[in-house]
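The values are calculated or read from the model by the stated rules, or taken from the named source; none is laboratory data. This one's a predicted model, so the numbers in the text were calculated from it and none came from an experiment. Quick reminder, even Gly has a Cβ in these numbers, built from the backbone with ideal geometry, and neighbours come from all protein chains shown.
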Amino acid sequence: MTAAGARDGRAAGGAAAVARPVAASPSSALRVLAVATLAGTFALVALGSTVRVTESGMGCPGWPLCYGQIGPIDHLHSLLEQVHRYLAALVTIAACATALQAWRSRPQRAIWPALAAVGIVAVQVVLGAVTVITHNAPVTVALHLATGLLLLASTAVTAVACSGTSQSRDAPVLRPGRLGAAAVVATFVLLVSGSIVVDGGASASCPSWPWCVPRGHVADALVVIVLVHRAAALVATALVAAVALGTLARRRERAPTAVGLAWVLLGLCASEVAVGAVTAVLAAPPAAQDVHLALAAALWACVVGSVALASYGDAAVGPVAAGG
């Protein structure tokens with residue numbers, strides 16, 4: 001073989017290496033199902049917050065029917081609780097459909113979080129029934145919320161895994177890094193502590209912000225609950241902002257989805273702090289609490305989604321480079 005032929009052969013081999021096939025992206029049906037399940041789960045968590053702040057948890061003392069009825073209920077508390085149950089049923093169906101589609105199309109990254117969502121939603125349905133049967137016992141309410149947050153996280157990871165922003169649908173999952181992991185844990189603690197504030201009756205204990213100036217004759221335990229929640233908010237906000245700013249500082253190396261999500265995180269942090277301050281100063285009216293909790297759920301989903309994007313290698317925004 002001549003030298004020119006050898007060079008041509010090496011060039012052809014190099015081109016073949018660069019053009020090696022990348023695993024097919026998840027189907028459009030799977031993407032739609034994953035996003036729809038995420039949206040439905042967020043609505044479920046947000047509506048669950050409405051049920052809590054309006055004290056509608058026992059609006060339907062029976063389960064699964066509400067006063068033996070399937071259709072609408074003419075009382076607000078009963079209506080809110082029954083709509084929450086119907087939405088939970090829709091989310092269950094959507095989660096199962098997403099998992100089935102993920103199993104059929106076989107994107108390895110999406111299968112496990114989708115299957116996890118099915119398992120979590122099954123546990124959540126049981127906890128919902130137990131919560132009603134035990135008349136909203138504090139332990140069951142806390143477990144119900146924590147499981148709901150895990151469900152929202154799993155649907156967020158599934159949606160990210162189906163987004164196609166990373167190198168390959170079967171690319172290995174990387175460690176999220178200490179900062180990302182800390183932001184996820186801190187945000188989870190923030191939401192759980194917020195639930196304790198609501199369920200513990202401490203929402204209106206400190207009509208001031210940022211420090212807690214308690215109302216007269218308020219129990220010290222309620223003040224401690226509020227202070228712990230505000231400390232958790234400070235830590236979580238700082239960590240989430242650090243994750244977002246770190247992404248923006250390396251925006252040229254990151255996928256557009258990751259950059260956009262970083263801006264959303266900063267906006268949610270600012271909004272959550274502002275609404276939290278207003279809620280405290282106004283002595284926690286139900287409407288303000290509802291908005292505050294909905295923003296917190298959105299923040300949780302976005303934090304998990306941002307960390308998942310980093311874990312799936314969102315930096316690869318172009319073709320996969322050939323190995324050396």
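Of the residues making up the stretch 35-62, those that are within 13 Å of the chain's Cα centre (by Cα) and aliphatic (A, V, I, L, M) are Val35, Leu38, Ala39, Ala43, Leu44, Val45, Ala46. Only residues that are part of a loop (DSSP other than H, G, I, E, B) and exposed (fewer than 14 other Cβ atoms within 10 Å of the Cβ) were counted across the stretch 209-237, and they come to 7. Would you be able to tell me the number of residues in the stretch 126-144 that are closer than 18 Å to Leu90 by Cα and either buried (at least 16 other Cβ atoms within 10 Å of the Cβ) or of a type in the set (Lys, Arg) (or both)? Qualifying residue count, the stretch 126-144: 3.
Conditions tested, residue by residue: (1) outside the structural domain of Ala183 (by TED's automatic domain parsing); (2) modelled with pLDDT of 90 or more; (3) of a type in the set (A, V, I, L, M, F, W, C).
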site: Pro210; (1), (2), (3): no, no, no
site: Gly216; (1), (2), (3): no, no, no
site: Asp220; (1), (2), (3): no, no, no
site: Thr237; (1), (2), (3): no, yes, no
site: Val243; (1), (2), (3): no, yes, yes
site: Ala270; (1), (2), (3): no, yes, yes
site: Thr279; (1), (2), (3): no, yes, no
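Condition test on Ala88, is it surrounded by fewer than 19 Cβ atoms within 10 Å (Cβ to Cβ), within 23 Å of Thr155 (Cα to Cα) and out of contact with any His (no Cβ under 8 Å at 6 or more places or on another chain)? Spelling it out, it is not the case that Ala88 is surrounded by fewer than 19 Cβ atoms within 10 Å (Cβ to Cβ), within 23 Å of Thr155 (Cα to Cα) and out of contact with any His (no Cβ under 8 Å at 6 or more places or on another chain). Of all residues in the stretch 50-95, those satisfying the criterion of being in contact with a Cys (Cβ under 9 Å, 6 or more places away or on another chain) and hydroxyl-bearing (Ser, Thr, Tyr) are Tyr67, Ser78.
Can you confirm whether the stretch 60-74 contains a residue that is part of a helix (DSSP H, G or I) and not aromatic (Phe, Trp, Tyr)?
So far as the stretch 60-74 goes, no, none of its residues is part of a helix (DSSP H, G or I) and not aromatic (Phe, Trp, Tyr).
Contact map, the stretch 49-69: first residue within 19 Å of Val192 (Cα to Cα), second residue among the hydrophobic types (A, V, I, L, M, F, W, C), Cβ cut-off under 6 Å, separation 6 or more or different chains; pairs are Ser49/Leu293; Val51/Leu80; Arg52/Val198; Gly57/Val51.
Yes/no matrix, rows are residues, columns are (1) loosely packed, with under 15 Cβ neighbours inside 10 Å; (2) within 20 Å of Ser163 (Cβ to Cβ); (3) outside the structural domain of Thr50 (by TED's automatic domain parsing); (4) modelled with pLDDT under 90:
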| site | (1), (2), (3), (4) |
| --- | --- |
| Ala255 | no, yes, yes, yes |
| Ala262 | no, yes, yes, no |
| Leu265 | no, yes, yes, no |
| Val291 | no, no, yes, no |
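Answer yes or no as to whether Ala12 is assigned to a helix (DSSP H, G or I), over 18 Å from Trp300 (Cα atoms) and at pLDDT below 50. Criteria met by Ala12. Could you go through the stretch 190-201 and let me know if any residue there is modelled with pLDDT under 85, assigned to a loop (DSSP other than H, G, I, E, B) and within 30 Å of Thr98 (Cα to Cα). There is no residue in the stretch 190-201 that is modelled with pLDDT under 85, assigned to a loop (DSSP other than H, G, I, E, B) and within 30 Å of Thr98 (Cα to Cα).
For every residue, the table says whether it meets (1) crowded, with 19+ Cβ neighbours inside 10 Å; (2) at pLDDT 90 or above; (3) not small (Gly, Ala, Ser).
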| site | (1), (2), (3) |
| --- | --- |
| Ala17 | no, no, no |
| Ser27 | no, no, no |
| Ala39 | no, yes, no |
| Leu44 | yes, yes, yes |
| Ser49 | yes, no, no |
